[in-house]
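Read the structure below first, then the notes.
The values are calculated or read from the model by the stated rules, or taken from the named source; none is laboratory data. Model, not experiment: these values are computed from the prediction. No Cβ is skipped: glycine too gets one built from the backbone with ideal geometry, and neighbour counts run over all protein chains shown. These area figures cover heavy atoms from the full protein model, side chains too; ligands, DNA and RNA do not enter into them. Shrake-Rupley method; radii C 1.70, N 1.55, O 1.52, S 1.80 Å.
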Amino acid sequence: MPSPRPTFRFAPSPNGHLHLGHAYSALLNADLARRRDGRLLLRIEDIDITRCRPAFVADLLEDLAWLGLTFDGPPRRQSEHFADYAAVLGRLTAKGLTYASLASRKEIAAAVAALEAAGAWPRDPDGAPLHPRAALPDDADGARLAAGEPHALRLDMARARALAPPLAWTEQDPDGTPRTVPADPGRWGDVVLARKEFPASYHIAVVVDDALQGVTDVVRGQDLYEATAVHRLLQHLLGLPAPAYRHHGLIRGGDGEKLSKSLASRSLRAFRAEGATPADIRRLVGLADVAG
């Protein structure tokens, strides 16, 4: 059976304007797809319907076209595929791998503070405290759930890990050399799979979308490196293929912090307004003028 055509994707969230970090990731994906005669897909990660706006979608499409990027087929918009995520969550729930969580952020923070006062409490690779399920006795009150009270859906990490063998992923270094990275999803605790505000989390949406779109190569920022362990676990539990991964370096500002829409990092539109060209942007992000 022939190997699938290499398929890459760029997946921005329309909750602000694109900055140099987005340009680097998009251009790098395009370069790699071109070198391997592969496909380049665009995904609009607008699952957070409270923050993502249509105007930002229009602006990012304009920015990407200005950079000279073209994509294979129309973009996949997550907000149009909630049914796909619900079906997958239903499969995990049927296996007894999820549980409802009613606790508010304030209640969770208070429980963590009490636990930390009594001793050390583990944190995930991003530095956030693990969900203190045992310290929230009313977290899954049946009457409140039956009444339709909004709740999150979390992965029961202990049960999920019991169903999975030792996991790993293929990480491609900048020179293309593959290496095997052991995956330890347990470090993340009971991750959120669906939020109170919208019916899926990044973790669920990204593994479902990559599988449905036939993505073979995920090229994304180093800030998502550790989260790959959770994605590998979900792929195993759902019987989904595992793409190869490449986590590239981040473009940082003068203060050493990574560029961020939440920090109002200088946008591509600002560079354009000041007369920058697409070639200027390539040089600013450290890519050669002509892709090899």
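Somewhere in segment 146-160, is a residue closer than 30 Å to Leu20 by Cβ and surrounded by fewer than 19 Cβ atoms within 10 Å (Cβ to Cβ)? No; the residues of segment 146-160 include none that is closer than 30 Å to Leu20 by Cβ and surrounded by fewer than 19 Cβ atoms within 10 Å (Cβ to Cβ). Scanning segment 40-66 for residues that are in contact with a strand residue (DSSP E or B) (Cβ under 8 Å, 6 or more places away or on another chain), more than 26 Å from Thr277 (Cβ to Cβ) and in contact (Cβ under 8 Å) with a residue 40 or more places away in the chain returns a single hit, Arg43. The residue of segment 81-131 that is farthest from Asp184 (Cα to Cα), among those that are among the β-branched types (Val, Ile, Thr) and touching a helix residue (DSSP H, G or I) at 6+ places or on another chain (Cβ under 7 Å), is Val88.
Listed by first and then second residue, the pairs with beta-carbon distance under 7 Å, at least 6 apart or on different chains, first residue in segment 67-88 and farther than 20 Å from Pro54 by Cα and small (Gly, Ala, Ser), second open to solvent by 50 Å² or more (accessible area, probe 1.4 Å) and in a loop (DSSP other than H, G, I, E, B), are Ala86/Pro199. Between Asp138, Asp126, which is open to solvent by 30 Å² or more (accessible area, probe 1.4 Å), among the charged types (D, E, K, R) and without any contact (Cβ under 8 Å) to a residue 40 or more places away in the chain? Being open to solvent by 30 Å² or more (accessible area, probe 1.4 Å), among the charged types (D, E, K, R) and without any contact (Cβ under 8 Å) to a residue 40 or more places away in the chain holds for just one of Asp138, Asp126, which is Asp138.
Restricting to segment 96-123, count the residues that are basic (Lys, Arg), within 25 Å of His231 (Cβ to Cβ) and either in contact with a Lys or Arg (Cβ under 8 Å, 6 or more places away or on another chain) or loosely packed, with under 13 Cβ neighbours inside 10 Å (or both). Residues meeting the conditions: 1.
Before we move on, is Ala94 aliphatic (A, V, I, L, M) and more than 26 Å from Arg246 (Cβ to Cβ)? Yes: the conditions hold for Ala94. Scanning segment 5-15 turns up no residue that is out of contact with any Ser or Thr (no Cβ under 9 Å at 6 or more places or on another chain), open to solvent by 10 Å² or more (accessible area, probe 1.4 Å), at pLDDT 95 or above and more than 27 Å from Ala270 (Cβ to Cβ). Listed by first and then second residue, the pairs linking a residue in segment 108-119 that is more than 20 Å from Val192 (Cβ to Cβ) to a residue that is part of a helix (DSSP H, G or I) and open to solvent by less than 60 Å² (accessible area, probe 1.4 Å), with Cβ atoms under 9 Å apart and 6 or more places separating them unless they lie on different chains, are Ala114/Ala135. Can you pull out the residues in segment 59-73 that are aliphatic (A, V, I, L, M) and open to solvent by 60 Å² or more (accessible area, probe 1.4 Å)? Leu61, Ala65 - these are the residues of segment 59-73 that are aliphatic (A, V, I, L, M) and open to solvent by 60 Å² or more (accessible area, probe 1.4 Å).
Under 20 Å from Ala158 (Cα atoms) and in contact with a Phe, Trp or Tyr (Cβ under 7 Å, 6 or more places away or on another chain): is that true of Pro129 in this structure? Spelling it out, Pro129 is indeed under 20 Å from Ala158 (Cα atoms) and in contact with a Phe, Trp or Tyr (Cβ under 7 Å, 6 or more places away or on another chain). Criterion first (hydrophobic (A, V, I, L, M, F, W, C) and within 20 Å of the chain's Cα centre (by Cα)) does Ala83 satisfy it? When the stated conditions are applied, Ala83 passes them. Selection of segment 241-284 for residues being in a loop (DSSP other than H, G, I, E, B), surrounded by 17 or more Cβ atoms within 10 Å (Cβ to Cβ) and at pLDDT 90 or above yields Ala242, Pro243. In the set (1) more than 30 Å from Leu238 (Cα to Cα); (2) open to solvent by less than 50 Å² (accessible area, probe 1.4 Å); (3) modelled with pLDDT of 95 or more; (4) not aliphatic (A, V, I, L, M), the condition left unmet by Arg76 is number (1). Look at (1) surrounded by fewer than 20 Cβ atoms within 10 Å (Cβ to Cβ); (2) at pLDDT below 95; (3) within 24 Å of Arg9 (Cα to Cα) and you find that Ala200 fails only one, number (1).
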